[in-house]
Amino acid sequence: MTDKTANTMWGGRFAAGPDAIMEAINASIGFDQRMAAQDIAGSRAHAAMLGAVGIITTSDAETIREGLLTVLSEIEAGTFEFSTALEDIHMNVEARLKEVIGEPAGRLHTGRSRNDQVATDFKLWVRDQLDAAEAGLLALIDALLAQAEAGADWVMPGFTHLQTAQPVTWGHHMMAYVEMLGRDLSRVRDARARMNECPLGAAALAGTSFPIDREMTAQALGFDRPAANSLDAVSDRDFALEFLGVASICAMHLSRFAEELVIWSSAQFRFVTLSDRFSTGSSIMPQKKNPDAAELIRAKVGRIMGANVGLMMVMKGLPLAYSKDMQEDKEQVFDAADNWMLALAAMEGMVRDMTANRESLAAAAGAGFSTATDLADWLVRVLGMPFRDAHHVTGSLVAMAEAKGCDLPDLSLADMQSVHSDITDAVFDVLGVQNSVNSRMSYGGTAPAQVRAQVKRWREVLK
């Protein structure tokens, strides 16, 4: 395509083509060509509507629609030549359509503007990404449910401040991430429902005097309804911001889990073994097995959250309606979407492949006086002791065990009675880690029965 061709697209307004700098800053075809399928879908819907209401002939409408399929096939085959002189995907497609079908191509843009066209294309693209994110989240949740069910009664340490707190079960820990990702899934679905209004027909900013049928195009493109205000329709990028917000929260969740996998797979913990598919070796240390996939997932939140902040800064000072600043909305959304989908897929693969080392988990579960709270609860429940007093007695017993170099269950009854004479040997029934987790039967607790009930509930929800 030549600059002269580009000038023709502008309808003769400019006598000379843009210089190289202006062309470089103005063109978006280098990245918005990713929206080719959405652009052509929107144009086909628009052409069908123009023909149906009699704005153009049905013959021209069908010629345009068939020609657009030809253009799409060229793009998909990789034979389409994109031109920066034509700025963006919309004008590239329209110019090629004219070469394919001739004069009827000039009627396609009746009753619309690039402003409502790009808003529609971008919404369709983001909507597709939300659908992909939903599929990725469902797959990852399913992998976590499988891990939770398999290890519903495997004991492991629960942590606060990364210090041993109380015993929990492997299944309970996996289900914590199911809950997090379940909220992400809810946000994805909620964002999709809120964004599903069609901008097409808003034209440049004020609507159009042509008797278009916006309900028809909205329905054809799978939207729930047309956007109700033409100014807002062309200037709204909330859907992209919300997409990035949802992606940022989810990426943060993935990063938290990735951090745990990095720690758990270390030689110091040995809680999990990651598969070779999601690990790498060292160039000089043959013993190393690095959790690179987890580390890269952990890093993705920086790019995704950065995109969120970046687009917010683009939009924060824009008056209504459209400004060219909004061309800067796509690259960061594209990048964030790519990295979010990759992180979801990689995490699902790691979770499905990883092996929990049950013996290491159990050994760690009993360390660090993890059943101290069970002892305090027993003093309250059996001896009727106020909890603050029980806390003090338990603290004294922990100090004794620490001084002896043993754990609480290893203290003798005489040792315990030297701190409080009313303690009986029944206390040892609560000091084992398995007894501890089995006793946590409150709703949402770590008891294996509760874990299995939550797995069952989630499987019902996801049906």
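The values are calculated or read from the model by the stated rules, or taken from the named source; none is laboratory data. Keep in mind that this is a model prediction, so the values were computed, not measured. Every residue, glycine as well, gets a Cβ built from its backbone with ideal geometry; the counts of neighbours run over all protein chains shown. Each accessible area value is taken on the protein alone, full model and side chains, heavy atoms only, with ligands, DNA and RNA left out. Shrake-Rupley method; radii C 1.70, N 1.55, O 1.52, S 1.80 Å.
So if R0 is 25 Å, what FRET efficiency would D142 and R256 give, r being the distance between their Cβ atoms, rounded to the nearest 0.05?
Computed FRET efficiency for D142 and R256 comes out at 0.80.
In the full protein assembly as shown, how much of I21 is accessible to a 1.4 Å probe, in Å² to the nearest 10?
Solvent-accessible area, nearest 10 Å²: 140 Å².
Mind listing the long-range amide H neighbours of V272? Cut-off is under 5 Å, sequence gap 5 or more, other chains count too, H placed in the peptide plane at 1.01 Å from N.
S265, N357
Based solely on its DSSP helices, what 222 nm [θ] is calculated for the chain when runs of n ≥ 4 H residues each add -39,500 (n - 2.57) and the sum is averaged over all residues, nearest 500 deg cm²/dmol?
That comes out to -20500 deg cm²/dmol.
Once the Cα atoms of helix 448-462 and of the chain are each reduced to a long axis, what angle between those two axes, in degrees from 0 to 90 to the nearest 10, is obtained?
10 degrees
Keeping every protein chain present and rolling a 1.4 Å probe, give me the accessible area per residue for region 18-141 in Å². It would help to have the intermediate numbers written out before the result.
Numbers: 4590 Å² over 124 residues.
I get 37 Å² per residue for region 18-141.
Once neighbouring chains are kept in place and the probe is 1.4 Å, which whole percent of the accessible area of the chain is contributed by carbon and sulfur? Mind showing how you got there, number by number?
Values: 11300 of 21150 Å².
Roughly 53 percent of what the probe reaches on the chain is carbon or sulfur.
Calculate how steeply helix 372-383 sits against the longest principal axis of the alpha-carbon atoms of the chain, using the helix alpha-carbon long axis, and give the answer as 0 to 90 degrees to the nearest 10.
60 degrees
At what distance in nm do the modelled label points of I263 and V53 sit from each other, each positioned 7 Å from its Cα along Cα→Cβ?
5.9 nm
How high is the relative contact order of the chain? Use alpha-carbon pairs under 8 Å, at least six apart in sequence, and give a whole percent.
Relative contact order here is 16 percent.
Relative to the longest principal axis of the C-alpha atoms of the chain, give the angle of the C-alpha long axis of helix 330-353, reported between 0 and 90° and rounded to the nearest 10°.
Compared with the principal axis, the helix lies near 40 degrees.
Top to bottom by accessible area (1.4 Å), largest first, where do R352, R192 land?
Highest to lowest solvent-accessible surface, that is R352, R192.
Given a Förster radius of 56 Å and the C-beta distance between L383 and K463 as r, what FRET efficiency does 1/(1 + (r/R0)^6) yield to the nearest 0.05? It would help to have the intermediate numbers written out before the result.
On the way: r = 47 Å, r/R0 = 0.85.
Step by step, r from the Cβ atoms, then E = 0.75.
So how do K463, K300 rank on accessible area, 1.4 Å probe, biggest first, that is with the largest at the start?
Result of the area sort, largest leading: K463, K300.
Which residues' amide hydrogens lie under 5 Å from the amide hydrogen of N290, considering only partners 5 or more residues apart or on another chain, with H built in the peptide plane?
Here T280, G281 satisfy the definition.
Please turn the phi angles of region 313-328 into ³J(HN,Hα) values with the Karplus equation 6.51 cos²θ - 1.76 cosθ + 1.60 (θ = phi - 60°), one per residue in order, whole Hz, x for glycine and proline.
Using θ = phi - 60°, the values come out as 5, 4, 7, 5, x, 8, x, 6, 10, 8, 10, 5, 3, 5, 5, 7 Hz.
Compute the length gained on full extension between T273 and A228: take 0.36 nm times their separation in residues and subtract their Cα-Cα distance, giving the result in nm to one decimal.
10.8 nm
What does the charge dipole of the chain about its Cα centre add up to, to the nearest 20 debye, if the Cβ of each Lys and Arg holds +1 and the Cβ of each Asp and Glu holds -1?
360 debye
For region 252-273 and region 42-115, write down the distance between their C-alpha centroids in whole Å.
Region 252-273 and region 42-115 have Cα centres separated by 51 Å.
Ordering C250, C406 by accessible area with a probe of 1.4 Å, largest first, what comes out?
Highest to lowest solvent-accessible surface, that is C406, C250.
Filter K289/K330; K98/K324; K300/K456; K98/K316; K123/K456; K289/K463 down to the pairs with a C-alpha to C-alpha distance above 28 Å, please. Kindly include the intermediate steps, with their values, before the conclusion.
Details: K289/K330 37 Å; K98/K324 26 Å; K300/K456 32 Å; K98/K316 38 Å; K123/K456 36 Å; K289/K463 38 Å.
Pairs exceeding the cut-off: K289/K330; K300/K456; K98/K316; K123/K456; K289/K463.
Between A403 and E295, what FRET efficiency comes out of the Förster formula 1/(1 + (r/R0)^6) with R0 = 51 Å and r the beta carbon distance, rounded to 0.05?
Computed FRET efficiency for E295 and A403: 0.80.
On the full set of protein chains, 1.4 Å probe, figure out the accessible area of D292 and give it in Å² to the nearest 10.
50 Å²
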